[in-house]
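For reference, the structure discussed in these notes is given below.
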Number of protein chains: 4
Amino acid sequence: MDALIVLNFKVYDESTGEKAVALAKACDAVAAETGANIIAVPQFSDIYRVRQAVRIPVYAQHIDDVKFGGYTGSVLPEAVKAAGATGSLLNHSEKRIKLAEIDSGIQKLRILGMTSIICTNNIATTMAAAGLGPDYVAIEPPELIGSGISVAQAKPEVISGSVEAVKRINPKVRVLCGAGISKGEDLKKALELGTEGVLLASGIIKAKDQMTALLDLVAGLK
Amino acid sequence: MDALIVLNFKVYDESTGEKAVALAKACDAVAAETGANIIAVPQFSDIYRVRQAVRIPVYAQHIDDVKFGGYTGSVLPEAVKAAGATGSLLNHSEKRIKLAEIDSGIQKLRILGMTSIICTNNIATTMAAAGLGPDYVAIEPPELIGSGISVAQAKPEVISGSVEAVKRINPKVRVLCGAGISKGEDLKKALELGTEGVLLASGIIKAKDQMTALLDLVAGLK
Amino acid sequence: MDALIVLNFKVYDESTGEKAVALAKACDAVAAETGANIIAVPQFSDIYRVRQAVRIPVYAQHIDDVKFGGYTGSVLPEAVKAAGATGSLLNHSEKRIKLAEIDSGIQKLRILGMTSIICTNNIATTMAAAGLGPDYVAIEPPELIGSGISVAQAKPEVISGSVEAVKRINPKVRVLCGAGISKGEDLKKALELGTEGVLLASGIIKAKDQMTALLDLVAGLK
Amino acid sequence: MDALIVLNFKVYDESTGEKAVALAKACDAVAAETGANIIAVPQFSDIYRVRQAVRIPVYAQHIDDVKFGGYTGSVLPEAVKAAGATGSLLNHSEKRIKLAEIDSGIQKLRILGMTSIICTNNIATTMAAAGLGPDYVAIEPPELIGSGISVAQAKPEVISGSVEAVKRINPKVRVLCGAGISKGEDLKKALELGTEGVLLASGIIKAKDQMTALLDLVAGLK
């Protein structure tokens, strides 16, 4: 029951403001009930209120490569930590960043005692990310994101290939996978392929009943 | 006493997390005591907690040109509004954006009932911004930002020229000025030059005593 | 016969390398035969060889906001001038830039004795661009670019509105229009609406016979 | 005598337009006289004329992640190839790109039969780049670029560490180093540390006599 479920709230209507708090509470309830390791990843402006409302970990969706100073409008790592985030996604397919920024972001998160999850799009970029030594790499083939077609079913070779490549380059780096994942069977399959969890979003957030969708998902852990 | 004082918190150590709340409370106290119109502009992740702590208006430092959807890591206008912001800076010199993004940002803020402040760097870009019809244009010669040398003293002709140009293009647009402003005399001079207030940051945030600095500033309103 | 026809080569297969030279020669022949003012706007790496092959003016598609120095991979204004360009597009819908960069680009082109054409997407951004004082503003509603539906037929009020707004803000600025333009009647209509010419691309470049398409276009000048 | 000398022309006055051609001819003469493998890397708009003037290989400073189509102002890989480039730098410290763009750039260059040189800033990013399988990785500690202090003297452990890391991840990838290199002894030291050549710029371009500087550099090959 150590598998990780990272729920990216993105910037959907169903996961903004009060609805972000409600969704995080649903995650919190499911985690408490089932023992699942669920991480909530809300927008920057929702981190603080979500953090106040739940016991599960809260991560940021991104951090900028800035330090204390004159960087109006940037996302300071120290600020999302102060708001309660204990980790961050980096290089999500909707927020790709430069190689050097991924490297410095990983280092900065480590200094702050925060967990880093680097998103990648194929085996090659997964190998590259592994070379930087983050805590997690999350492989998400972009063509399947939001598709409803699970990467674990459609591209198992990309996942197992990523797991193998990462183990060869840096065995301390753990692998997640994402894109099209929403059901327990997708999670189960992802774990069978050697990952340590999943990164998902619309499959839960846009579900008619988010709580039911979460319960269906974590059923894949058994 | 209608002049506007917009305090950009930037991402300084002295204005992040709990210190952002403390600074906003100082602004709130000075506003209550003196009747000054002060606006707090904290980081995205501090908007909610600052908003909960004060009665003065809270603005965002920036918004991204995105709508509800798959935009991980972006700053959704609806999200900063949900956190309590009632306006936003746009195109700050430390977060320059594209012309078409300034235009769509102004329109979006208007739809959301929020106030727009477009930052510019010279008379020409001030004229351009005025053509887009925002609520405010804030002229800040970049070479004076953070310099301690007040734009109102060093470049009065840029301010008065901006005021004139804006009035000619769109008299509904109000003009602020910024860069190097920290003292009451700077604010007084800015108002004499035809602006309706100031945008400032380090002069207050990095002051030994922020409260004293704020009181010295608003003394310029008398 | 003073109307301007600006042909943006974009980066199509049909307008790259030797084909860029052939297309520019077709423009040159039509210009020589009909007296039309045609400007060729090839890719950076084709400017020099196009310039060597024709007598019509050659413009760049974009310039970066850099000066002589360590800016590897940037498009130095002085370099495109050295290659033979006598003007440049700026802020094309496929290469939007920041407001301050448009301003400094216009100033740089003027210093270099080159012509500036600022692309815009609606009346508001056209007004903004006019405030910066370029040589030309080219209004192109993005939804019609490459559509085959002429802006002059589909949105005449956007064009005439832009012409009026520009005249009010800075009468020295001339107005072009673009998007969906390919035929003589489109050009004729654009001129009737008060523009001084057109900016076009795929209607000519992707035509079965580029020379025939050009001749059909310039027929609209009569 | 197989070591590679890659001369990045950047966008200096001394390496633009006719001066780019003159500099490339100096490289060509030195290559012919000494047998050194020198590659000229001029600006996009100079590639064609430089290519026409010399026999040594000519590379681009950067390519954009675009294909034939509507990408005004972008640097199409096929276009720099049509102009005569047979390789390209990617991710130079002055033109950092996203991880996914480095990956697709390497693939695109390979499809076009062109050589890829990925610039990196430390051992971690060098490992990451090696994971993507380019032809070359060029490690350049950013703090030494343009400093006149040779990386080979100041940070030999970064170079040898990079060489070792790359060999472990992908032994087909060759390593270059750069930053502060201008003299024959710098080149000699770089080769001793296990690299297969150097990437350099200002040390040659800004030299009082470029030809003399080139001859001094290649003396390090003996």
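Table: residues versus (1) part of a helix (DSSP H, G or I); (2) within 14 Å of chain B (Cβ to nearest Cβ); (3) under 18 Å from C:I97 (Cα atoms).
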position: C:S116; (1), (2), (3): no, yes, yes
position: C:C119; (1), (2), (3): no, yes, yes
position: C:A130; (1), (2), (3): yes, yes, yes
position: C:P134; (1), (2), (3): no, yes, yes
position: C:A138; (1), (2), (3): no, yes, yes
position: C:E143; (1), (2), (3): yes, yes, no
position: C:G146; (1), (2), (3): no, no, no
position: C:A152; (1), (2), (3): yes, no, no
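Here are some residues: B:K67, B:K108. Which one is within 14 Å of chain A (Cβ to nearest Cβ), of a type in the set (K, R), closer than 22 Å to A:A20 by Cα and without any contact (Cβ under 8 Å) to a residue 24 or more places away in the chain?
B:K67
What is the one condition in (1) more than 26 Å from D:T126 (Cα to Cα); (2) in contact with a helix residue (DSSP H, G or I) (Cβ under 7 Å, 6 or more places away or on another chain) that A:K108 does not satisfy?
The single condition A:K108 does not satisfy is (1).
Looking at B:G203, B:G178 in this structure, which one is touching a Ser or Thr at 6+ places or on another chain (Cβ under 8 Å) and of a type outside the set (S, T, Y)?
One residue alone meets the criteria, B:G203.
Identify, by number, the condition in (1) within 14 Å of D:F9 (Cβ to Cβ); (2) facing chain C (nearest Cβ under 9 Å); (3) without any contact (Cβ under 8 Å) to a residue 60 or more places away in the chain that D:L76 doesn't meet.
(1)
Say we look at segment C:72-105 and pick out the residues that are polar (S, T, N, Q) and touching a helix residue (DSSP H, G or I) at 6+ places or on another chain (Cβ under 7 Å); which of these is nearest to D:A20 (Cα to Cα)?
C:S88
Going by what's in this entry, would D:I38 be described as in contact (Cβ under 8 Å) with a residue 40 or more places away in the chain, in contact with a Cys (Cβ under 8 Å, 6 or more places away or on another chain) and on the phi < 0 side of the Ramachandran plot?
yes
I want to confirm something. Restricting to segment B:1-15 and keeping residues that are more than 14 Å from every other protein chain (Cβ to nearest Cβ) and crowded, with 20+ Cβ neighbours inside 10 Å, which single residue is nearest to A:P77 (Cα to Cα)?
That would be B:I5.
For the structure I just gave you, tell me whether D:I181 is out of contact with any Asp or Glu (no Cβ under 6 Å at 6 or more places or on another chain) and under 15 Å from D:I38 (Cβ atoms).
Here the answer is yes, as D:I181 does meet what is asked.
Working only within segment C:168-185, note down all residues that are charged (D, E, K, R) and away from every other protein chain (no Cβ under 13 Å).
Passing the criteria: C:K172, C:R174, C:K183, C:E185.
Would you be able to say whether some residue in segment D:80-96 is more than 9 Å from chain C (Cβ to nearest Cβ), closer than 30 Å to A:N122 by Cα and surrounded by fewer than 23 Cβ atoms within 10 Å (Cβ to Cβ)?
Yes, the conditions are met somewhere in segment D:80-96.
Does C:I63 satisfy the criteria of being part of a loop (DSSP other than H, G, I, E, B) and in contact with a Cys (Cβ under 8 Å, 6 or more places away or on another chain)?
no
Could you list, in sequence order, the residues of segment A:16-55 that are in a helix (DSSP H, G or I), within 9 Å of chain B (Cβ to nearest Cβ) and hydroxyl-bearing (S, T, Y)?
A:S45, A:Y48
Checking D:V21 against (1) within 23 Å of D:L187 (Cα to Cα); (2) touching a residue at least 24 places away in the same chain (Cβ under 8 Å); (3) of a type in the set (A, V, I, L, M), only one condition comes out false. Which one?
Among (1) within 23 Å of D:L187 (Cα to Cα); (2) touching a residue at least 24 places away in the same chain (Cβ under 8 Å); (3) of a type in the set (A, V, I, L, M), D:V21 violates only (1).
For C:I102, which of the numbered conditions (1) modelled with pLDDT of 95 or more; (2) surrounded by 24 or more Cβ atoms within 10 Å (Cβ to Cβ); (3) within 12 Å of chain B (Cβ to nearest Cβ); (4) within 17 Å of C:L199 (Cα to Cα) fails to hold?
All conditions are met except number (4).
Give B:V158, B:V175, B:V218 a once-over and let me know the one that is at pLDDT 95 or above and surrounded by 20 or more Cβ atoms within 10 Å (Cβ to Cβ).
After applying the criteria, what remains is B:V175.
Okay, residues lined up against (1) of a type outside the set (A, V, I, L, M, F, W, C); (2) free of Cβ contacts under 8 Å to residues at least 24 places away in the same chain; (3) not in a strand (DSSP E or B):
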| residue | (1), (2), (3) |
| --- | --- |
| A:E157 | yes, yes, yes |
| A:S160 | yes, no, yes |
| A:A165 | no, no, yes |
| A:P171 | yes, yes, yes |
| A:L187 | no, no, yes |
| A:G194 | yes, no, yes |
| A:L199 | no, no, no |
| A:K208 | yes, yes, yes |
| A:T212 | yes, yes, yes |
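Let me spell it out: the conditions are (1) over 13 Å from D:I204 (Cα atoms); (2) within 17 Å of the chain's Cα centre (by Cα), and D:L23 meets all of them except one. Which number is the exception?
That leaves (1) as the condition not met.
Check off (1) closer than 22 Å to B:L176 by Cα; (2) touching a Leu at 6+ places or on another chain (Cβ under 7 Å); (3) more than 9 Å from chain A (Cβ to nearest Cβ) for B:V58 and give me the number that stays unchecked.
(2)
The values are calculated or read from the model by the stated rules, or taken from the named source; none is laboratory data. Since the model is a prediction, treat every value here as computed from it, not as a measurement. So basically every Cβ, Gly included, is an ideal-geometry build from the backbone, and we count neighbours across all protein chains shown.
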